[in-house]
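Taking it in order: structure first as C-alpha cells, then the write-up.
The values are calculated or read from the model by the stated rules, or taken from the named source; none is laboratory data. Values in this document were obtained by computation on a predicted structure and should not be read as measured data. Every residue, glycine as well, gets a Cβ built from its backbone with ideal geometry; the counts of neighbours run over all protein chains shown. Just so you know, the surface numbers come from the protein's heavy atoms only, side chains and all, with ligands and any DNA or RNA stripped out. Shrake-Rupley method; radii C 1.70, N 1.55, O 1.52, S 1.80 Å.
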Amino acid sequence: MVLYMLCSIAIIGIFYSKALTTGAIIGIFLLGLSFASIQKMKTFFNDKALMPFILVFLSVFLSGSYSDDLVEWQTALRVKLPFLILPLAFFFIPNLKSDILYRLHYWLIAVTVVVAGPVLVHALLHPEEMLSLISKGQAIPTPIEHVKYSMFNAYAAISALILLVEQKSISRFEKTCLALTVVFLIIFMHIIAVRTGLVILYGSLFIYGIYKLISFKKNSGPSRLSAMTFIILVAVSPFIAIQVSPTLKQKIGYMNYDWMQSRNAQSQEYSDTERIMTYKAAWQIIKSNPLIGTGYGDVRQEAHLYYDKNYNRADLFKLPHSQFLLTWAGSGLLGLIIFISGFYTPLLAIKWNSIRGLLLMSLYFNFTLSFLVENSLERSMSVAFFLIVALVLIRIKES
C-alpha cells in the first residue's frame, strides 16, 4: 500500500511538480532500504530483471573521468541516479502482487485524463491562437514539455486499450470508462498535434493489432476479422485525421514549410532544421571519439562549437536530439553498448504474452521510438515515468 501511494504521488508530480516526484522517489528508496539486508544485496547482482538497469547509470558515470565540464556531467548523472537507486529499492520491497499493476495503471490513466482537461478546454476556446502557435513551429501549451507529455498520453491510451481488451473479468462500468478514455485520449492527441506522440500512438496501435492477428491465427472467423479490421483502421486513420483536425493539418503544413526552408543554407532557425543540425553535430563528435566518446559532460559544448562553426549559430546549445546518438557521442561505442544492454535486458525477464508483458512492451516501444528523435532520458520526469511503470511491471508476480 505504501509503495502504491508513493508511486501515485510520483505520477501526479510528473505532470505538476518535480519536487513532488523527487520526494516520492526518495520515499520509495527509503522504503526499500527498510527491507534491505547484506544477504539480499548479494543476491541483487544475480537478478537479471533489475540489476541491468544500473548499467544505464554507469554509461554516464564512467565518462566522468574524461569529461572536462564536470558540472554538466554531474547534472546528467543526477538525472540518471534513479536507474541506480530505484531498481535496488524495488528488489528489496517484498510481495508485490498483481493488483498494484491494475491500480497504478488505472490511476495513471485517470490522472492523464484529468490533466488533459484544462489543456483541451484552452485549446478549444482559443483555436486561432493554437493554430498561430503551430504555424510558427511552437507547441500548444501543456503542463510539461510537449513531446514528453505526448509520450505519456500515448502510453496511457495504449495501456487503457490493453486493459480493456485483455482483462478476462472486468465490469461493464470499467469497460465503458476504459473505452471512453481510449477515444478521448486519441482525439486529444490529434488536437495537441505533437508528431512524436502521434507516431508512437499509431505505431503502438499497429503493433498491437498485429499481435492480436497472430494470437488469433488458430481461431476462425470473427476474431481474425476484427483484428484485420483494426489494423486497416489504424493504417487509414492518420490520413483521415489530417483532414479532420485543423491543428494537425497546420502541423503538417508547417513541417513541409520547415523542410523546404532546411534546403536553404541561410535558413537555420526552424525546429526540424535545428533537429537535423543536432544529428550532424553528434555524428561529428562520434567520428572524433568513436570508442569512448568525448565525455558526457562535454557533449553540449562540443555541439555548440559545431553549430557556431558550421551554421554561425553561437546562440544554440542543444544536445543531440537522439538518446542513442547522445550516448554514443558522450560515452562512445562502449558506453552505448553498456546503455543498450542495461536498458533492454530486463525485457527478457518476463512473458510477453501476458498483460504485464504487453504493457511493458508498449512502454519500451514508446521510449525506443522517442530515442530516435529525442534525448528522452535527459529529463528527470521521463526517467521517473519510465522507471516507476517498468519496475512495477517487472517486479509483480505473474497474474
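With every protein chain present, what is the per residue accessible area of region 55-193 (1.4 Å probe, Å²)? Write down the numbers at each step before the final one.
Numbers: 6080 Å² over 139 residues.
The answer is 44 Å² per residue.
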Revision key, fill the gap. Gyration tensor (Cα only) of region 7-164 to equivalent ellipsoid, semi-axes in Å sorted down, yields 34, 23, 13
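Once you have a ≥ b ≥ c as the square roots of the Cα gyration tensor eigenvalues for the chain, tell me rounded if a/c is under 1.5, and otherwise prolate or oblate according to whether a/b is larger than b/c.
Details: a/c = 1.67, a/b = 1.06, b/c = 1.58.
It is oblate, given that a/c is not under 1.5 and a/b is not larger than b/c.
For the chain, which whole-number percentage of the solvent-accessible area (1.4 Å probe, protein heavy atoms only) is attributable to carbon and sulfur atoms? Write down the numbers at each step before the final one.
Values: 12360 of 18530 Å².
Looking at the chain in its full context, I get 67 percent from C and S.
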Review point. Roughly what would the spin-label model give for H126 and K18, points 7 Å off Cα along C-beta, in nm?
Key: 2.4 nm
**Study point:** Longest site-free stretch - the chain; sites: GluC sites (Glu not before Pro), DSSP loop, at most 13 other Cβ within 10 Å
**Key:** 1-268
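Relative contact order, percent, of region 282-399 when contacts are C-alpha pairs under 8 Å separated by at least 6 residues?
26 percent
Can you list the DSSP H helices in the chain whose Cα atoms extend at least 27 Å along the helix axis and whose mean Kyte-Doolittle hydropathy is 1.0 or higher? Walk me through the intermediate numbers first.
Working: long enough: 99-125 (40 Å, 1.55); 146-166 (30 Å, 1.07); 172-192 (30 Å, 1.71); 195-215 (30 Å, 1.16); 222-244 (31 Å, 1.60); 355-373 (28 Å, 1.57).
Membrane-span-like by this rule: 99-125, 146-166, 172-192, 195-215, 222-244, 355-373.
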Revision key, fill the gap. Given trypsin sites (Lys or Arg not before Pro), DSSP loops and at most 12 other Cβ atoms within 10 Å, the longest exposed-site-free stretch of the chain is 264-350
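Taking region 11-109, which chymotrypsin sites (Phe, Trp or Tyr not before Pro) meet the DSSP loop condition and have no more than 11 other C-beta atoms within 10 Å?
On the way: sites: F15, Y16, F29, F35, F44, F45, F53, F57, F61, Y66, W73, F83, F90, F91, F92, Y102, Y106, W107; in loops: F35, F45.
Taking region 11-109 and a limit of 11 other Cβ atoms within 10 Å, the loop chymotrypsin sites (Phe, Trp or Tyr not before Pro) found are F45.
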Review point. What distance in nm separates the simple spin-label points at S271 and F173, each placed 7 Å from Cα in the Cβ direction?
Key: 4.0 nm
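Pairs of alpha-carbon atoms within less than 8 angstrom and 6+ residues apart define the contacts here; what relative contact order does the chain have, in percent? Write out the running numbers ahead of the final one.
On the way: 551 pairs, mean separation 101.3, N = 399.
After rounding, I find 25 percent.
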Practice item. Among I144, A349, I28, pick out the residue whose Cα is farthest towards the positive end of the charge dipole of the chain, where Lys and Arg carry +1 and Asp and Glu carry -1 on C-beta, about the Cα centre. Key: A349
